[in-house]
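Before anything else, here's the structure in question.
Taken together, the values in this text are just the output of simple stated rules run on the coordinates, not laboratory data. Remember, predicted model here, so these are calculated numbers, not experimental data. Please note: Cβ atoms are built from the backbone with ideal geometry, for glycine as well, and neighbour counts cover all protein chains shown.
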């Protein structure tokens, strides 16, 4: 399967801990997006990479959040000092950029206790 | 600012047609998209329509675009129980000086056997 993969699928952590999520996009897709989705809502944009460059960050992304995409391949999203309000599904998507169509991974569900 | 709105729920009987509606405030998006999300999963791209088109048909799916009224709809013919899911419309819209993927709130489709 050559779709977008995310790891882990589920993460339960205690408030104050740091967590890191990984996304492997479809190879040859140069664009990679991170979204957060809470229950009953559509995905909310967090950040966007074109190759290894982080081109856009949402105001939703506080200083506790950081994302990287070294070498323009996989990406990581780290949340430091997690809070209960960080509990959500974190979705990654990649795009070849031609029609801006996005291909989503299965998501990482984060629960902060 | 940009806004994409959808009705929250739709219930249809198996074999009937489903029509899911979406309205948006900004018509700058070159493409508009429909995604499907099943429980606990990421989003799956169903179809898209180029902004200079009025209609696009893809097997059981028909997308209608009324740019004047800023209205997008997705018609599913011969709806099956497997079509039960949440459907999101999305556009690549200008926001805060740049372009972002903006999703609607999602319409939960329930197909009754």
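I need the full set of residues from the range A:29-43 which are more than 8 Å from chain B (Cβ to nearest Cβ) and in a loop (DSSP other than H, G, I, E, B), in order please.
Within the range A:29-43, A:29, A:30, A:38, A:39 qualify.
Take the residues in the range B:93-113 that are surrounded by fewer than 20 Cβ atoms within 10 Å (Cβ to Cβ) and assigned to a strand (DSSP E or B), then tell me which one is nearest to the chain's Cα centre (by Cα).
Checking each candidate, the answer is B:108.
To continue, here is another question. For the range B:59-92, how many residues meet the condition of being outside any loop (DSSP other than H, G, I, E, B) and without any contact (Cβ under 8 Å) to a residue 40 or more places away in the chain?
Here the count works out to 7.
Let me ask something else about it. In the range A:60-113, which residues are in a loop (DSSP other than H, G, I, E, B), under 16 Å from residue A:18 (Cβ atoms) and away from chain B (no Cβ under 14 Å)?
A:62, A:63, A:64, A:80, A:81, A:82, A:83, A:87, A:113 - these are the residues of the range A:60-113 that are in a loop (DSSP other than H, G, I, E, B), under 16 Å from residue A:18 (Cβ atoms) and away from chain B (no Cβ under 14 Å).
Would you point out which residue out of A:42, A:85 is surrounded by 13 or more Cβ atoms within 10 Å (Cβ to Cβ) and either at positive phi or more than 14 Å from the chain's Cα centre (by Cα) (or both)?
Values: A:85 fails: surrounded by 13 or more Cβ atoms within 10 Å (Cβ to Cβ).
Selected residue: A:42, the only one of A:42, A:85 that is surrounded by 13 or more Cβ atoms within 10 Å (Cβ to Cβ) and either at positive phi or more than 14 Å from the chain's Cα centre (by Cα) (or both).
Based on this model, can you work out whether residue A:3 counts as surrounded by 18 or more Cβ atoms within 10 Å (Cβ to Cβ), assigned to a loop (DSSP other than H, G, I, E, B), over 14 Å from the mean Cα position of the chain (by Cα) and within 14 Å of chain B (Cβ to nearest Cβ)?
No; evaluated as a whole, the condition is false for this residue.
Shifting gears a bit: Name the one entry in B:63, B:12 that is crowded, with 17+ Cβ neighbours inside 10 Å and within 14 Å of chain A (Cβ to nearest Cβ).
Result of the check over B:63, B:12: B:63.
If you don't mind, there's one more thing I want to ask. For the range B:39-58: of the residues being surrounded by 13 or more Cβ atoms within 10 Å (Cβ to Cβ) and not in a strand (DSSP E or B), which is nearest to the other protein chains (Cβ to nearest Cβ)?
Filtering the range B:39-58 for residues that are surrounded by 13 or more Cβ atoms within 10 Å (Cβ to Cβ) and not in a strand (DSSP E or B), the one nearest to the other protein chains (Cβ to nearest Cβ) comes out as B:42.
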